[in-house]
Amino acid sequence: MTDARQRSPGRWIHWLVTAMVFVALYAWMTRGNASPLMGEQAPDLTLAVAAGASPDGPAEVRLSELRGQVVVLDFWASWCQACRRTTPILNDLHQEFASDGARFYAINVEPIDRQRIEAAHAAFGTEFPSLHDRSGVVQRRYAIDMLPTVVVVGRDGIIRWASTGVPSKTRLRSAIDEALN
């Protein structure tokens, strides 16, 4: 019995260290500052609306014309399963913040035709417009090297928050709320 008690503290320390490593890894993976452009002026973009356009909406979107509004950009691809899991989070926040003036745009970064974007947009269930960065120019300007990447641009045109992978809904909500206020 003495042997079991002497080994027991070692086991607890092992499990505690393991748990701390997993918590640190999770915190690093969901850190929400995944862009070298954080705090910088968002590069301007002009992209065609490829899917999800409203009947009275524009045929293309130019970021500089949205100054004064918070803009959430979701860089995605049709093959990206994490992008598919990001969509419900963004749909919920789109509904929550639309009346506050936040604008949401998905940006497809594949060199594919419009019909494939429309099909993926519908399959993902995206409730806001998808733009098309066919050439990858905007993806390079925003230094996007992992999908999905979500970027929050403040009313002043400054990148306020960015995250790669499926974003934390709570952290993204906070980032949008801070950018609006």
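Could you list, in sequence order, all residues of region 8-21 that are at pLDDT below 70 and loosely packed, with under 10 Cβ neighbours inside 10 Å?
First, pick out the residues of region 8-21 that are at pLDDT below 70: 8-9.
P9, the sole residue that qualifies.
Filter region 108-143 down to residues that are of a type in the set (G, A, S) and within 13 Å of W76 (Cβ to Cβ), then give me how many there are.
Matching residues across region 108-143 total 4.
Considering only residues that are crowded, with 17+ Cβ neighbours inside 10 Å and either among the polar types (S, T, N, Q) or assigned to a loop (DSSP other than H, G, I, E, B) (or both), which ones fall in region 121-138? First the steps, then the outcome.
Filtering region 121-138 for residues crowded, with 17+ Cβ neighbours inside 10 Å gives 121, 124, 126-134, 138.
Hits for region 121-138 are T126, E127, F128, P129, S130, D133, R134.
For region 112-122, give me the residue count where each residue is of a type outside the set (D, E) and under 20 Å from the mean Cα position of the chain (by Cα).
Total meeting the criteria: 4.
Can you confirm whether R84 is in a helix (DSSP H, G or I) and out of contact with any Cys (no Cβ under 9 Å at 6 or more places or on another chain)?
yes
Considering only residues that are touching a strand residue (DSSP E or B) at 6+ places or on another chain (Cβ under 9 Å) and either in a helix (DSSP H, G or I) or not assigned by TED's automatic domain parsing to the domain that holds F128 (or both), which ones fall in region 90-109?
Scanning region 90-109 gives L90, N91, L93, H94, F97, A98.
Restricting to region 44-58, count the residues that are at pLDDT 95 or above and assigned to a loop (DSSP other than H, G, I, E, B).
Residues in region 44-58 being at pLDDT 95 or above and assigned to a loop (DSSP other than H, G, I, E, B): 3 in total.
Based on what the data block shows, is A77 among the small types (G, A, S), touching a residue at least 24 places away in the same chain (Cβ under 8 Å) and in contact with a helix residue (DSSP H, G or I) (Cβ under 9 Å, 6 or more places away or on another chain)?
In short, yes.
Tell me, please, whether a residue that is assigned to a helix (DSSP H, G or I) and either outside the structural domain of D133 (by TED's automatic domain parsing) or of a type in the set (S, T, N, Q) (or both) can be found in region 65-80.
Step one: filter region 65-80 for residues assigned to a helix (DSSP H, G or I), giving 65-66.
Next, only the ones that are either outside the structural domain of D133 (by TED's automatic domain parsing) or of a type in the set (S, T, N, Q) (or both) stay: none.
Looking for residues that are assigned to a helix (DSSP H, G or I) and either outside the structural domain of D133 (by TED's automatic domain parsing) or of a type in the set (S, T, N, Q) (or both), one finds none in region 65-80, hence no.
The values are calculated or read from the model by the stated rules, or taken from the named source; none is laboratory data. Please read these numbers as outputs of a predicted model, since none were measured by experiment. A quick note on method: Cβ atoms are made from the backbone with ideal geometry, for glycine too, and the neighbour counts reach across all protein chains shown.
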